[in-house]
Amino acid sequence: MIVGVGQINDRTPDPFAALDPIALMAEALRSADTDGGGGWLTSLDSLAVVDQISFRALNPVVDALAAQLGIAPAHRFQTAMPMGDSPIRLLNEAANRIGSGEATVAAVVGAEALRTAARRAAVAAGGTEGDHNAMRVRHRGRAPDYRQRYGLTAPVDVYPLYENATRAAWGQSLAGAQAETGAMWAAMSRVAADNPQAWLRTERAAEEIIQPSADNRPIAFPYTKLMVANSSVNQGAGFIVTSLAEARAREVPEDRLIYVGHGAAAHESDDVLGRETYVASAGMRTSLEGALTANGLGIGDIDLVELYSCFPCVPKMARRIIGWPEDRPVSVVGGLTFGGGPIGNYMSHAVAAMVVRLRAGDGHNGLLFGNGGFATHNHSIVVSRAPLSAARFPHDFDQQKRADAARGPAPAVNERYAGAGTIESYTVLYARTGAASAGVVVARNRAGERFLAAVPAEDTATIQFLSDGRVEPVGTSGVATRRSDDGLLTWTPTVA
């Protein structure tokens, strides 16, 4: 069970006085220790850390964190990458370690200080912060692969492929799909406004969220700034897990205990272009349904959810899988836009917020769903105010075989093809000015092979065709011709 949770937001104006990720993690765990009644950190057998990217020179940080806290847990672990599902995976692993007797007290923590890192870099460069997309920066200096040559580099470039494909598959108009996003994100802004730990606490109207403006520039079609994860934050969060026997031995009040249920994990191919489809995720479905089934619960038994919200397509898909009502919030934090998006550690904030809400009597059971990578990694878990009768530890949360069995074959990718095709999905990428910088089309040829094509920014007619909503571009035909200068394909629609 979870006995202590802690969160920290560092808004120190001076970037050189602000906390780095190790200090943020330490403060979050000290807060969790206090929340749990004290004395837990000195008893830690296990310390698990979510990888951080804002201060890469500090990595690995787990030993330095232990030293800063003055502790020496036998088990120390740091994830290889900062994936959005990491905190839920680490919670599951902590429960298993305690259930097997390998540990008595375990802590999970993470933090990012990207706001501070960007400001320090700006001072060093003698200018302003500029465009700091941390995930895009990580790819600089590497030889681009096939999808990256067409501009599909960071998550914000890839998730729109799911957004546009699902909109078409669900029979929604562009206006209808954007209205769904606006309503969902407006509800999350209301949650954030009531959450003292949220980074942005101003309530936003749906129209304000979906309408591009000077303060809400387009990022990647159809997403605006207020629809995507806000990584420009300094946030840390962590939680402490132990057994019921240990909690009672330390006289933790019963109304402070939150029981950990079973989890379920399943993933998609790491190769974004090597996936069966962009209209569904077998890994997501298996993870969500698997967590409910493993705990003997149906969606009617769930009172609160955190459905990962890095980009709208994720909670839209997740909500449809589990049947979560449209009029109920999909977050207890405020989402990655308003609650804050500290790269891989957001779900630690979700765990903390869920614990607070359940303790307050806002519900009995909570479902937590984390998603990481490029819609790649899926991990769900249930927590509750009371013991979950089906939960026994250790347990096997890996349900990859089920996901693989439910998935059809992925189409072949033909990097050499040029010619006629049909749009499977697409996006338009934008500069900071709000002007389109390029379009990217994922298409299929007559053989069913998948290939990519670009739309130059100067082809305003095609950019408009992809983004004005008058015609659904998915399923329309076109021709891809190879350019002589860089060898990339250019897409030309063959529909009016």
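The values are calculated or read from the model by the stated rules, or taken from the named source; none is laboratory data. Values in this document were obtained by computation on a predicted structure and should not be read as measured data. Because the Cβ atoms are built from the backbone with ideal geometry, glycine has one as well, and the counts that use them run over all protein chains shown. Calculation scope for accessible area: heavy atoms of the full protein, side chains included, ligands and nucleic acids excluded. Shrake-Rupley method; radii C 1.70, N 1.55, O 1.52, S 1.80 Å.
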Quiz item: Can you name the residue in segment 256-309 that is in contact with a Gly (Cβ under 9 Å, 6 or more places away or on another chain) and charged (D, E, K, R) and is also surrounded by the most Cβ atoms within 10 Å (Cβ to Cβ) among such residues?
Solution: Glu306
Quiz prompt | Candidate set: segment 406-456, residues that are among the β-branched types (Val, Ile, Thr) and in contact with a helix residue (DSSP H, G or I) (Cβ under 9 Å, 6 or more places away or on another chain); chosen: the one farthest from Ala220 (Cα to Cα) | solution = Val413
Quiz item: For residues in segment 392-422 being in contact (Cβ under 8 Å) with a residue 12 or more places away in the chain and among the aliphatic types (A, V, I, L, M), which is least open to solvent (accessible area, probe 1.4 Å)?
Solution: Ala403
Quiz item: Of all residues in segment 351-377, which are of a type outside the set (A, V, I, L, M, F, W, C), buried (at least 24 other Cβ atoms within 10 Å of the Cβ) and over 12 Å from the mean Cα position of the chain (by Cα)?
Solution: Gly366
Quiz prompt | Any chance Thr181 is of a type in the set (Ser, Thr, Tyr), buried (at least 16 other Cβ atoms within 10 Å of the Cβ) and more than 30 Å from Leu91 (Cβ to Cβ) | solution = no
Self-check item: Out of Ser287, Ser331, Ser309, sole residue that is among the hydroxyl-bearing types (Ser, Thr, Tyr), in a loop (DSSP other than H, G, I, E, B) and under 26 Å from Ala80 (Cβ atoms)
Solution: Ser309
Quiz item: So which residues in segment 284-326 are under 19 Å from Gly363 (Cα atoms) and of a type in the set (Asp, Glu)?
Solution: Asp301, Asp303, Glu306, Glu326
Practice problem: Those residues that are under 18 Å from the mean Cα position of the chain (by Cα), of a type outside the set (A, V, I, L, M, F, W, C) and open to solvent by 10 Å² or more (accessible area, probe 1.4 Å), I need them from segment 43-77; list them, please. | Solution: Ser54
Quiz item: Could you list, in sequence order, the residues of segment 53-94 that are in contact with an Asp or Glu (Cβ under 6 Å, 6 or more places away or on another chain), within 12 Å of Ile22 (Cα to Cα) and either of a type in the set (S, T, N, Q) or not in a loop (DSSP other than H, G, I, E, B) (or both)?
Solution: Ser54
Quiz prompt | Lone qualifier among Ser389, Ser384, Ser348, Ser380 - being under 30 Å from Ser100 (Cα atoms) and either at pLDDT below 95 or open to solvent by 10 Å² or more (accessible area, probe 1.4 Å) (or both) | solution = Ser389
Self-check item: Elements of type strands (runs of 3 or more DSSP E) in segment 439-496, at least 3 residues being among the aliphatic types (A, V, I, L, M), modelled with pLDDT of 95 or more and open to solvent by less than 20 Å² (accessible area, probe 1.4 Å)
Solution: 450-456
